[in-house]
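Input: a single structure, listed below in structure tokens.
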Amino acid sequence: MNGSGVGVLDKYMELQKQLARVSKGLTAQELARLTSMDRGTVHRLLKAMIYWGQVEAEHGIYRLGGGCLLPASAYLTRLPLRRVALPYTIDLQNVIADRPAIVSVALPVGDQIVLIERMWTAATPFNVVADLDDKFAMDRCTSGRAILATYPEERARETLGKERYENISPRIQEIMKAGGYSFGRSEQREGLSSMGYPIRHGQEAAVGALVIAGLEMDAVLQVSSPLAQHLQRACKGISEQLFG
């Protein structure tokens, strides 16, 4: 396990990272296996995390606790990307008003993508909104691949690891050839298509992405579609405000 050199903190962060990847929770044995820690150490750390509200336990299953919301909320409140992107997200929602679709702002966190803002139209079925997760592996979602395509190869390899990078590399090349557009079909659920575009300053690595995901969208999943062009303009508008 790589870390900062502060052992207890590194172990705490590793447990938190593993718990953040799954909504159903994990047992102490599963956490020990995933982190290569002995179960005694895991139990001691979990006990402290429960005390501070970072973890909740029920029938031997551990999940992140409400205490995690406090720093996360403070971070999101001051995040310029979220504030600047909000009016563009609302505008895109108006553009797709007659479609069952969701507009999201995506933020890269390590090798994961977190959706920090989501807006949907009245035509979007509730189960699509409720069942759609708010975090994904970076190489397995439209917005993540759009962001990865802006990374230098060395950074992309370091972020994903050798095997994941080599598996996704052909798709990254396709996105670069498409001018930054990333498309996906039925990746998160059957029938749900998506398009993403990066938010970046010039040729620097993207700081985020906008993504539109919806039903019955296959016909517009192309660079020349009006919706794709509107998505690109929104991302460039956000970039101009963020970076001048």
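The values are calculated or read from the model by the stated rules, or taken from the named source; none is laboratory data. Note that this is a predicted model, so its numbers are computed, not measured. Glycine gets a Cβ as well: all are built from the backbone with ideal geometry, and neighbour counts include every protein chain shown. The protein model used for the area step is the full one, side chains on, heavy atoms only, and it has no ligands, DNA or RNA in it. Shrake-Rupley method; radii C 1.70, N 1.55, O 1.52, S 1.80 Å.
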Has the stretch 110-118 got at least one residue that is aliphatic (A, V, I, L, M) and modelled with pLDDT under 95? no
Filter the stretch 172-209 for residues that are of a type in the set (D, E) and touching a residue at least 12 places away in the same chain (Cβ under 8 Å); which is nearest to V220 (Cα to Cα)? E187
What is the one condition in (1) free of Cβ contacts under 8 Å to residues at least 12 places away in the same chain; (2) touching a strand residue (DSSP E or B) at 6+ places or on another chain (Cβ under 8 Å); (3) of a type in the set (D, E, K, R) that E166 does not satisfy? (2)
Please list, ordered by residue number, the strands (runs of 3 or more DSSP E) wholly in the stretch 23-111 having 3 or more residues that are in contact with an Asp or Glu (Cβ under 9 Å, 6 or more places away or on another chain). 61-64, 101-109
Search the stretch 32-48 for residues that are closer than 12 Å to V8 by Cα and pair each with any residue that is open to solvent by 90 Å² or more (accessible area, probe 1.4 Å) and of a type in the set (G, A, S) when their beta-carbon atoms are under 9 Å apart and the residues are at least 6 apart or on different chains. none
Which one of these does V8 not meet: (1) part of a helix (DSSP H, G or I); (2) out of contact with any Asp or Glu (no Cβ under 9 Å at 6 or more places or on another chain); (3) open to solvent by 30 Å² or more (accessible area, probe 1.4 Å); (4) closer than 30 Å to I212 by Cβ? (4)
Hey, Q54 hits all of (1) in contact with a Cys (Cβ under 7 Å, 6 or more places away or on another chain); (2) on the phi > 0 side of the Ramachandran plot but one; which does it fall short on? (2)
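Test of understanding: among I61, I96, which residue is in contact with a strand residue (DSSP E or B) (Cβ under 9 Å, 6 or more places away or on another chain), touching a residue at least 12 places away in the same chain (Cβ under 8 Å) and buried (at least 16 other Cβ atoms within 10 Å of the Cβ)?
When all the criteria are applied, what remains is I96.
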Counting only residues that are of a type in the set (S, T, N, Q) and crowded, with 16+ Cβ neighbours inside 10 Å, the stretch 19-38 contains a total of 1
Per-region count, the stretch 77-120, residues touching a helix residue (DSSP H, G or I) at 6+ places or on another chain (Cβ under 7 Å) and hydroxyl-bearing (S, T, Y): 1
Restricting attention to the stretch 103-112, does a residue exist that is of a type outside the set (A, V, I, L, M), on the phi < 0 side of the Ramachandran plot and surrounded by fewer than 15 Cβ atoms within 10 Å (Cβ to Cβ)? no
